[in-house]
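To keep things clear, I will list the structure first and then write my remarks on it.
The values are calculated or read from the model by the stated rules, or taken from the named source; none is laboratory data. Quantities reported herein were computed from a predicted structural model and do not represent experimental measurements. In this analysis, Cβ positions are derived from the backbone assuming ideal geometry, glycine residues included, and neighbour counts consider all displayed protein chains. Accessible surface areas use protein heavy atoms only, side chains included; no ligands, DNA or RNA. Shrake-Rupley method; radii C 1.70, N 1.55, O 1.52, S 1.80 Å.
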Amino acid sequence: MNTIYFTIAGTNHWHGSEFLKEGMRVKLAKEPDNKMDSEAIKVEMPGVGQIGYVAAGYRTRIGECYSAGRLYDKFEDNAYGRVLYVLDDGVICKFEKEDDEISF
């Protein structure tokens, strides 16, 4: 499988992105009952809770990253990601499928 990247958007609505560092692991959880977007994918961290969402559109997605809609069908309910870059306009992560799970 080719490497899939995604952008964490909206971190400023939760805890900011200053605490995020390269290599940190994040959990992706589908939110099919989300009233704004039925393909919403929230991003969480243990001990912190929700830290943002997978970017859904071209205005919040960075570079070659997948949008939430493109990523939505790549996993069942949960998956994981690894932080690669923390930028001013978002956090770029590498997608890790659920079956690639290691300790969270």
I'd like the residue in region 1-24 that is modelled with pLDDT of 95 or more and assigned to a strand (DSSP E or B) and, out of all such residues, is most open to solvent (accessible area, probe 1.4 Å).
Tyr5
It is to be established whether one or more residues within region 25-47 are out of contact with any Lys or Arg (no Cβ under 9 Å at 6 or more places or on another chain) and among the polar types (S, T, N, Q).
yes
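Here are some residues: Leu84, Leu28. Which one is surrounded by fewer than 19 Cβ atoms within 10 Å (Cβ to Cβ) and assigned to a strand (DSSP E or B)? Let's see the steps before the verdict.
Working: Leu28 fails: surrounded by fewer than 19 Cβ atoms within 10 Å (Cβ to Cβ).
When all the criteria are applied, what remains is Leu84.
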Search region 38-48 for residues being open to solvent by less than 30 Å² (accessible area, probe 1.4 Å) and out of contact with any Cys (no Cβ under 9 Å at 6 or more places or on another chain), and hand back the single one that is farthest from Ala9 (Cα to Cα).
Met45
Subset of region 53-78 [part of a strand (DSSP E or B) and either at pLDDT below 95 or open to solvent by 20 Å² or more (accessible area, probe 1.4 Å) (or both)]:
Tyr53, Tyr66, Asn78
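Given the residues Asp37, Asp88, which is the only one that is touching a Phe, Trp or Tyr at 6+ places or on another chain (Cβ under 9 Å), among the acidic types (Asp, Glu), farther than 21 Å from Thr3 by Cβ and at pLDDT below 95?
Values: Asp88 fails: touching a Phe, Trp or Tyr at 6+ places or on another chain (Cβ under 9 Å).
Among Asp37, Asp88, only Asp37 is touching a Phe, Trp or Tyr at 6+ places or on another chain (Cβ under 9 Å), among the acidic types (Asp, Glu), farther than 21 Å from Thr3 by Cβ and at pLDDT below 95.
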